[in-house]
Amino acid sequence: MPEQAPKALLADKGYDADAIRVDLAKRDIQAVIPGRSNRRVKIHHDRELYRQRNQIERFFGRLKINRAIATRYDQLADSFLSMVHIASAKYWLKFVHAA
């Protein structure tokens, strides 16, 4: 369990369900989920916060390029997490160098 409760849940339209929204509201978590196109009552969401979800998705896509992470060769959680850290640092260095 996380030490701190999340402030928002970023999800795509596949998670647009009233039951999920009610559960998140009970736990004081903002639901940043766009409504499905067939929803009768349109639901508004924070578009700026939802755009950050795209960056998170792209980051995980870049991490999965590394074969050790995509296939999870490491059996121990600590070893797997260290590979994620190494891959993250590798991409961060590319970003910093380009800037």
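Given segment 1-56, report the % of alpha carbon pairs whose separation exceeds 18 Å. Result: 33 percent of Cα pairs exceed 18 Å. Remark: spin-label model distance ASP74-PHE95 equals 2.0 nm, labels positioned 7 Å along the Cα→Cβ axis. Here LYS13 is the anchor, and the lysines within straight C-alpha reach of less than 19 Å, apart from those fewer than 8 places off in the same chain, are LYS42.
Rounded to the nearest 0.05, what FRET efficiency do ASN66 and LYS26 give with R0 = 30 Å and r taken as the Cβ-Cβ distance? Could you check?
On the way: r = 38 Å, r/R0 = 1.27.
My answer for the efficiency is 0.20.
Here SER79, SER37 are placed in order of increasing Cβ neighbour count within 10 Å, fewest first, which gives SER37, SER79. Secondary-structure-derived ellipticity at 222 nm for the chain, considering helices only, amounts to -16500 deg cm²/dmol, per-run term -39500 (n - 2.57) for DSSP H runs with n ≥ 4.
Across all directions, the average flat footprint of the convex hull enclosing the Cα atoms of the chain is 9.0 nm². Straight-line cross-link partners of LYS90 among the lysines, defined as a Cα under 21 Å from its Cα and at least 8 positions apart when in the same chain: LYS64. Taking other residues whose beta carbon is less than 15 angstrom from the beta carbon of VAL84, and scoring Lys, Arg as +1 and Asp, Glu as -1, yields +3.
No value in this document is a laboratory result; all are computed from the given coordinates. Quick caveat: nothing in here was measured; it's all calculated off a predicted structure. Don't worry about glycine lacking a Cβ; one is built from the backbone with ideal geometry, like all the others, and counts go over all protein chains shown.
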